[in-house]
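First comes the structure, then the notes that go with it.
The values are calculated or read from the model by the stated rules, or taken from the named source; none is laboratory data. This one's a predicted model, so the numbers in the text were calculated from it and none came from an experiment. Here Cβ is always computed from backbone atoms with ideal geometry, including for glycine, and neighbour counts include all displayed protein chains. In case anyone asks, the SASA skips ligands and DNA or RNA and just uses the protein heavy atoms, side chains included. Shrake-Rupley method; radii C 1.70, N 1.55, O 1.52, S 1.80 Å.
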Amino acid sequence: MAPQVITDASTAPVLDAAPLTHRPGRWIDGWNPEDEGQWASVGRVIARRNLGLSIFAEFLGFAVWALWSIVVPRLPDAGFVLTVDQMFWLIALPTLVGATLRIPYTFAVPIFGGRNWTIVSALLLLLPTVALGVAVQNPELGFPVLLAVAALAGLGGGNFASSMANISFFYPEKEKGRALGLNAAGGNIGTAAVQWAVPIVVVVGAGMQLQWAGFMFVPLILIAALLAWRYMDNLSNAKADPRAYGVAARSRNTWIISFIYIGTFGSFIGFSGAFPLLLANTFPEVTITIAFAGALVGSIARPLGGILADKLGGARVTIGAFAVMATGVVCAIFALRAHAFWPFLVSFLVLFVATGAGNGSVYRMIPAVFRFGATDDEDRARRAKAAAGCLGIAGAIGAFGGFLIPRGFAISTTATGNIQAALWVIVGLYLVMSLTTWAVYQRRNGTYGSTVI
């Protein structure tokens, strides 16, 4: 079949536009979002269509990634006998696997195509959902088997990296930040959605039907794969440069920012995963359905943090986010001591808002940090490549925080009988991360001086 030039009389370009051609398999040649004529005529419509479907697929990825966070507190009701340490392992392991998969998932888009990999990565979500649905019906299963099934949920965590990489190729630089912010926020909301929906779905009908926590996703996953197959596109010029990771890895800023991102994104994922179990163990008189509120406000706050960082600077907003996060954790500790549910809930909601804002502000910092001090076009191009690599590395390393928090809670509970010791350690880390951000990127007599980073 010969390539066909895309034309549409109803969207005739005002400016001269570079031609686009379609090939079988929904491959597009000649894509250049920086070409204003092409973008105005057909580019924007194509990009928005792919963004919308990408958000849906990533939403499901995050939902599956967080699925065990809301299933684990229900396992005793389904007949499973587990220790607190084992329950926190089931929550933590999907995050560890998802964080590890983020780097290879980033390279999958240039190798297979964004549309093709969205189909594959969506269908892979059938593995953790079907396996969970089968496993929770057999309380006689040993803990190692449950742990292996929980690990499969990490496939959903990798989707974030491939989705963000794919959408970055569709948008021009001037609109890329907003598109990636929407993509990230849409995915993050999947965590809140699963924590809201599962407690409702599993009690529909007679008794506890925990298997529906997994099976309910099967039709949604098939729909996402079908929509991606039918309406998404592959870009032939979407090529990743592995050297970008090498350039980024040689910069100290990559590792400083990754450390900071453990505090913001790692906290969002870690607290989101642990929050339902904390509620179930600490306030059993309260329905864990309310747990979704934390992930929800954190997701909504992410793009708002980016907007605020555009006005005030990413470093300033990040420092402020850490201060609020530390305050929220301290208030939660005192609420736990008083066994006061509402102060505990409000403290955690404030914490979640700050983690979301911090996620947005750190991502805003990355291009500003690497752009600082550029001398010419060649140097700017090299720095832009390093910034792209930093985004991938920081996104993966930051997610490891989601593993450390529930494991810290498990260790603290085993050693002291509660999570307060772990929370005090987290407060200390927030202060260190805040001080690091100030010393490196905000201190007036530092490298960046009064530059807004």
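Would you work out the relative contact order for the chain, in percent, from Cα pairs under 8 angstrom that are 6 or more residues apart? Don't jump to the answer; show the numbers that get you there.
Numbers: 825 pairs, mean separation 93.6, N = 453.
That works out to 21 percent.
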Rounded to the nearest 10 degrees, the helix 341-371 long axis (Cα) sits at an angle to the longest Cα principal axis of the chain of 30
Rounded to the angstrom and largest first, Cα extents along the principal axes for the stretch 311-453 equal 59, 26, 23
If one takes the longest principal axis of the Cα atoms in the chain, at what angle in degrees, from 0 to 90 and to the nearest 10, does the Cα axis of helix 420-437 lie? 30
Could I have the simple spin-label model distance between residue 282 and residue 141, label points 7 Å from Cα toward Cβ, reported in nm to one decimal? 2.9
Kindly rank 172-182, 62-72 from highest to lowest mean number of other beta carbons found within 10 Å of each residue. 62-72, 172-182
If you look at just the Cα atoms of the stretch 239-368, how large are its Rg and its Dmax in Å? 16.7, 55
So what is log10(I(q)/I(0)) for the stretch 102-168 at q = 0.19, 0.21 1/Å, when the Debye sum runs over its Cα atoms only? -0.71, -0.79
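If packing is taken as the average count of other Cβ atoms within 10 Å, what order do 423-430, 326-333, 354-361 fall into, highest mean first?
Numbers: 423-430: 18.8, 326-333: 20.2, 354-361: 30.5.
Going from most to least packed, we get 354-361, 326-333, 423-430.
Students often check this: by mean Cβ neighbours within 10 Å, which of 18-29, 313-324, 39-50 ranks highest, and how do the rest follow?
Numbers: 18-29: 14.9, 313-324: 23.9, 39-50: 19.2.
Packing proxy ranking, top to bottom: 313-324, 39-50, 18-29.
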Restricting to Cα pairs below 8 Å that are 6+ residues apart, what does the relative contact order work out to for the stretch 246-360? Please round to a whole percent. 36
Treating the angle as unsigned and between 0 and 90°, give the value, to the nearest 10°, between the Cα long axis of helix 114-124 and the longest Cα principal axis of the chain. 20
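Can you give the FRET efficiency to the nearest 0.05 for residue 222 and residue 411, using r as the Cβ-Cβ distance and R₀ = 51 Å? Can you show the working numbers first?
Numbers: r = 40 Å, r/R0 = 0.79.
My answer for the efficiency is 0.80.
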Tell me, in nm to one decimal, what length is gained between residue 379 and residue 36 on full extension, where the rule is 0.36 nm per residue of separation less the Cα-Cα distance? 121.0 nm
Consider just the alpha-carbon atoms of the chain and return their Rg together with their Dmax, both in angstrom. 22.4, 72
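Using a/c under 1.5 as the rounded threshold, could you call the stretch 26-150 rounded, prolate or oblate? The axes a ≥ b ≥ c are square roots of the C-alpha gyration tensor eigenvalues, and prolate needs a/b larger than b/c, oblate otherwise.
Details: a/c = 3.32, a/b = 3.07, b/c = 1.08.
Since a/c reaches 1.5 and a/b is larger than b/c, the shape of the stretch 26-150 is classed as prolate.
If the chain between residue 21 and residue 230 were fully stretched, how many nm would it gain, using 0.36 nm times the residue separation less the Cα-Cα distance? Don't jump to the answer; show the numbers that get you there.
On the way: separation 209, 0.36 × 209 = 75.24 nm, distance 1.73 nm.
Working it through step by step, the gained length comes to 73.5 nm.
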Per residue solvent-accessible surface (Å²) - the chain, probe of 1.4 Å: 40
At what distance in nm do the modelled label points of residue 310 and residue 208 sit from each other, each positioned 7 Å from its Cα along Cα→Cβ? 4.7
Shape descriptors of the stretch 186-316 over alpha-carbon atoms, Rg and Dmax in angstrom, are 19.8, 58
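Rounded to a whole number, what % of the accessible area of the chain do carbon and sulfur atoms account for, probe 1.4 Å?
Carbon plus sulfur share of accessible area: 67 percent.
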